[in-house]
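The values are calculated or read from the model by the stated rules, or taken from the named source; none is laboratory data. As the structure is a prediction and not an experimental result, all values here were calculated from the model. Here the Cβ positions follow ideal geometry from the backbone for every residue, glycine too, while neighbour counts run over all protein chains shown.
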């Protein structure tokens, strides 16, 4: 298996902001592309009552995410699938979350274009090149590796239908 990204967990404070700016609620179906340990989906389920599906290629991370779902008793709301995120049909999602490199975002644009109007895409740290965002926020937070070392994280939001063109500079 080749990796297009490395696994870095999204700090909980950033997860909270991502769900807040996407206005995630109990009627949402959240797809997390490259879900890692599943923390975004577990938080969406426990705090918002949202359903979610995580897509992850790394079998070790799939196991971690499934353990996290089980440990938090949200298996009735969240499923984790070992799948290539480029082969996922996003059309059922009302919210898509991601923490992927910008080149991968660009490869996902054709899938993002299929989202129904009003669906939200929210990204940790990286924009979608060539697609103007609807909002950007800075979040100061430590992380799992250095919880006491505060760093600035960016959160970006897009609403479907997304549009190509224009500047994506925050």
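Annotations for the structure displayed:
- Test for residue 8: is it under 12 Å from residue 99 (Cα atoms) and either without any contact (Cβ under 8 Å) to a residue 24 or more places away in the chain or in contact with a helix residue (DSSP H, G or I) (Cβ under 6 Å, 6 or more places away or on another chain) (or both): no
- Residue match in segment 130-145 (condition: assigned to a loop (DSSP other than H, G, I, E, B), in contact with a helix residue (DSSP H, G or I) (Cβ under 6 Å, 6 or more places away or on another chain) and surrounded by 13 or more Cβ atoms within 10 Å (Cβ to Cβ)): no
- Counting only helices (runs of 4 or more DSSP H) that sit wholly inside segment 1-112, those with at least 1 residues that are within 23 Å of residue 140 (Cα to Cα) are 12-21, 39-48, 102-112.
- Unique residue being under 15 Å from the mean Cα position of the chain (by Cα) and either at negative phi or without any contact (Cβ under 8 Å) to a residue 60 or more places away in the chain (or both) when the list is 51, 71: 51
- Checking each residue in segment 113-124 for being surrounded by fewer than 20 Cβ atoms within 10 Å (Cβ to Cβ) and at pLDDT 95 or above picks out 116, 117, 118.
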